[in-house]
Structures are given as structure tokens and as C-alpha cells.
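The values are calculated or read from the model by the stated rules, or taken from the named source; none is laboratory data. Please read these numbers as outputs of a predicted model, since none were measured by experiment. Cβ: placed from backbone, ideal geometry, glycine included. Neighbour counts: every protein chain shown.
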Amino acid sequence: MNTPDSIKTESKNLLNLISKNWKDLDDSLKNKLIKIWSVLTYKWKLQILFNLPFLLWLALDKSFPKVHEFDTTILNYLNLPDWALSFIGFGQ
């Protein structure tokens, strides 16, 4: 029967076990596994790349609330007719 002293705690940690096995692999096998992993995850990387501008926009939008304060005096300087103001939502 195994006692707590006889069981190695090193093998319990999955991350240590994976890193130990990774170090024991040959360089050619490591390169092949890295290429396979990059093929599997290219869509994730591409999706993050495409969504990055929107994530930055959202972060800036949340961090600077003064952007949403619209100054209506600018509309008075433009001398827009009433029908044009009604198109953009400022009609009377």
C-alpha cells in the first residue's frame, strides 16, 4: 500500500510533468509539434488579430466617458437647416 511519503508530489503537478516531458523530446520532434500547434491555432490568432481594434476601441470608450458628451453648440455654428438636423436626430 502506498503511503503519502512514498508518492512523489512532483508527478502530481500536471504542468511540471508536461514541461519535464517537453525537455526530454528531441529538437526535430519539438519543431514538428510546434508546427502542428501553430496550424491548429492559426484561426484563434487570426480572430484575435481581427478583433484587436474593436477591443482597443471598447477599452478607450470605457476609460474616457467624456467622449459621449456631445456639444450641441457645434450644430449652431454649422447653420444646418432644420430638415438636416432632423435627419441626424436633433430636429425640433
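At-a-glance table
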{"read-out": "Test: Leu60 is in a helix (DSSP H, G or I) and either surrounded by 10 or more Cβ atoms within 10 Å (Cβ to Cβ) or modelled with pLDDT of 75 or more (or both)", "value": "yes"}
{"read-out": "Close pairs from the stretch 79-90: first without any contact (Cβ under 8 Å) to a residue 24 or more places away in the chain, partner surrounded by fewer than 12 Cβ atoms within 10 Å (Cβ to Cβ), Cβ under 6 Å, at least 6 apart", "value": "Leu85/Gly91"}
{"read-out": "Of the criteria (1) within 22 Å of the chain's Cα centre (by Cα); (2) at positive phi, which one Phe54 fails", "value": "(2)"}
